[in-house]
Amino acid sequence: MKTTTEKAVEALNLLPEEMREPAVAYLLEQAEKFRVLKEQIAEGMEDIAVGRVSEWNFEKFLRQARASKL
């Protein structure tokens, strides 16, 4: 059974030479976005675990926002 890396290499080799670099750049960009997302999720889960998150009341928020404009 082939690894994901081996499959990716095969797919890149099937592409014309001029398309390989943009394909790799796209994969790296997506991987970085995924890494940042995982980091932000972990940060949010940590916030929940230590009690830095509270229930958000949207109606109350709107009332306060409207009142502050007056």
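The values are calculated or read from the model by the stated rules, or taken from the named source; none is laboratory data. Since the model is a prediction, treat every value here as computed from it, not as a measurement. Cβ: placed from backbone, ideal geometry, glycine included. Neighbour counts: every protein chain shown. For accessibility, only protein heavy atoms count, side chains too; no ligands or nucleic acids. Shrake-Rupley method; radii C 1.70, N 1.55, O 1.52, S 1.80 Å.
A few notes on this one:
- Residue-normalised accessible area of the chain, given per residue in Å² at a 1.4 Å probe: 96
- Cut-off of 10 Å, at most 15 other beta carbons, DSSP loop: longest stretch of the chain lacking such trypsin sites (Lys or Arg not before Pro): 3-51
- Portion, in percent, of the accessible area of the chain that falls on carbon or sulfur, probe 1.4 Å: 62
- Across region 51-56, computed HN-Hα scalar couplings (Karplus, 6.51 cos²θ - 1.76 cosθ + 1.60, θ = phi - 60°) run x, 8, 10, 10, 5, 10 Hz from first to last residue, x flagging Gly and Pro.
- Checking every one of the GluC sites (Glu not before Pro) in the chain against DSSP loop status and a limit of 13 other Cβ atoms within 10 Å picks out GLU55.
- log10 of Debye I(q)/I(0), alpha-carbon scatterers only, for the chain at 0.11 Å⁻¹: -0.59
- Cross-link pairs beyond the 31 Å C-alpha cut-off, checked among LYS7/LYS33; LYS2/LYS38; LYS33/LYS69: LYS33/LYS69
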